[in-house]
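The values are calculated or read from the model by the stated rules, or taken from the named source; none is laboratory data. Source: prediction; values computed, not measured. Neighbour counts run over all protein chains shown; Cβ positions are idealised from the backbone, glycine included. SASA here: full protein model, heavy atoms, side chains in, ligands and nucleic acids out. Shrake-Rupley method; radii C 1.70, N 1.55, O 1.52, S 1.80 Å.
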Amino acid sequence: MVRRGGEDGSSSNSIDALATSFKNQMDDLQAISPECCIYRVPPTDRVLKAEVYAPRAVSIGPFHHNKKELQGMEEHKLRYMKVFLIRANKDLDDLIFEMMKWENKARNSYFEKIDLSVEEFMKILIKDSFFILETMIGVQNIKPPDRVFYLPNHSTDFKTDLFLLENQIPFFFLKKLFELAPVGDPPMQFLKVCVDYIALSIIPIRESTQMLTKVQMYVDLHHHEIKHFVDLLRIFHLPSNLGRVPKNVNKLITIPNAVQLQEAGVQLLKVSSSNSLLDIEFTNGELKIPVLIVHKYFKLIMSNIFVLEKYHYPYESYIGHYASFMEMLVDTDKDADLLIQNGIIEDWVGQNSIVADLFSKVGDEVWNHIPSYYLYDISERLNEYCNVARHKWMASFKRDYCSSPWMIVSTIAAIMLLIFTFLSAIAAFLAL
């Protein structure tokens, strides 16, 4: 202790006590683990948009396990757990013994300090894991364990609750438990079970086998350990060619909206065969955009992926980049109408005005400073194309004079009439 001049004993003791308090708090701090991947949504976002971040039917993991309004599902979790154990024909004691080995890694997966004992923490994770596994298997193969699955709205709520960032269990934990109690003969592959469940429950994937191949290739190529279900949803949407993504472009380039692009001569074309919404291309005046199905879970999925990217992938925010691009493209109801007419957007929401508003709200989640903006090159070339007057003139000519077969015939007839009149005038002049 160093006593400063002019300090009395009481003041010095207060300083020492305060310093000791700070030191003790700092000594108790735990370093953020590299395994951390499950985050809390910022309070302002959670208050304003609770419907896309907060669970409504079931709590998964430690963040929401004490909420009174979610306690009704705890009994159903036990039913699902019982059914799973009977089918797997496994001893619960043995499974718990094996899963306890992963308690520390699971705890480190959460950004916040989990103030629960080992027993309390593992009770939550194991019970919730059985519930998730039985839900996925039941939806795909057999009748679910009880009628709660069929209750109006309740089924929808708990299906979407499994894909909220705050409502996650580490993917490795689910996989370990699944592999300890394999289901089927031959045993089901865990990743396939997850992809098939997502395709059946929350994302309209037309070909789940193709998507499974994409995820497996990404995991193998990038040595990526899937963090949780929200991370898996993100992988679904990643660009097919990550090698082309710029690494040092740190600004968002604005582009004209869809109507303005069309007026400038850009052709807006749909791509039906792409494996990713983000595989946008622009060549020879053609902006090719993969078909986007706007469904009732779209905003929920995108919003939770954005928060994950903000915290975990700040320099690989591909989904955020896409949302910003689409927000600029779909600026008004007319833009939404145009993209729907061109087959680029399939509107399952039912109102074009809602589609335009949806992109506006989704894009609001993304910050203006965007590291490694993967659509930078396309945006730059779009603007360059629109600034060429000849392209706009040609588009105007096609729209005004060549928009239909009859219009083309009329235009050709008018041109021929002009030529005939001109030639007649020359002939008359020469005859003088």
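Go over the candidates HIS321, HIS391 one by one and state the one that is open to solvent by less than 70 Å² (accessible area, probe 1.4 Å) and at pLDDT 70 or above.
The match here is HIS321.
Condition first: open to solvent by less than 60 Å² (accessible area, probe 1.4 Å) and either aromatic (Phe, Trp, Tyr) or in a helix (DSSP H, G or I) (or both). Now tell me which residues in region 202-215 satisfy that.
SER208, MET211, LEU212, LYS214, VAL215
Residue check: is LYS176 modelled with pLDDT of 90 or more and not in a loop (DSSP other than H, G, I, E, B)?
Judged against the criteria, LYS176 is a match.
Just to be sure, is LEU308 open to solvent by less than 10 Å² (accessible area, probe 1.4 Å), touching a Leu at 6+ places or on another chain (Cβ under 7 Å), assigned to a loop (DSSP other than H, G, I, E, B) and in contact (Cβ under 8 Å) with a residue 40 or more places away in the chain?
In short, no.
Applying the selection to region 265-298, what residues are basic (Lys, Arg) and either in contact with a strand residue (DSSP E or B) (Cβ under 6 Å, 6 or more places away or on another chain) or open to solvent by less than 40 Å² (accessible area, probe 1.4 Å) (or both)?
Selection gives LYS288 alone.
In region 222-249, what residues are in a helix (DSSP H, G or I), modelled with pLDDT under 90 and hydrophobic (A, V, I, L, M, F, W, C)?
If the condition is that a residue be in a helix (DSSP H, G or I), modelled with pLDDT under 90 and hydrophobic (A, V, I, L, M, F, W, C), then LEU242 is the only one that fits.
Against the conditions (1) among the basic types (Lys, Arg); (2) in a loop (DSSP other than H, G, I, E, B); (3) touching a Pro at 6+ places or on another chain (Cβ under 8 Å), where does LYS296 fall short? Just the number, please.
Here LYS296 clears every test but (3).
If a residue must be β-branched (Val, Ile, Thr) and either in a loop (DSSP other than H, G, I, E, B) or out of contact with any helix residue (DSSP H, G or I) (no Cβ under 8 Å at 6 or more places or on another chain) (or both), how many such residues does region 179-201 contain?
Residues that pass the stated criteria total 1.
Working carefully through the options PRO43, PRO62, PRO55, find the one that is of a type outside the set (A, V, I, L, M, F, W, C), exposed (fewer than 10 other Cβ atoms within 10 Å of the Cβ) and at pLDDT 80 or above.
The conditions single out PRO43.
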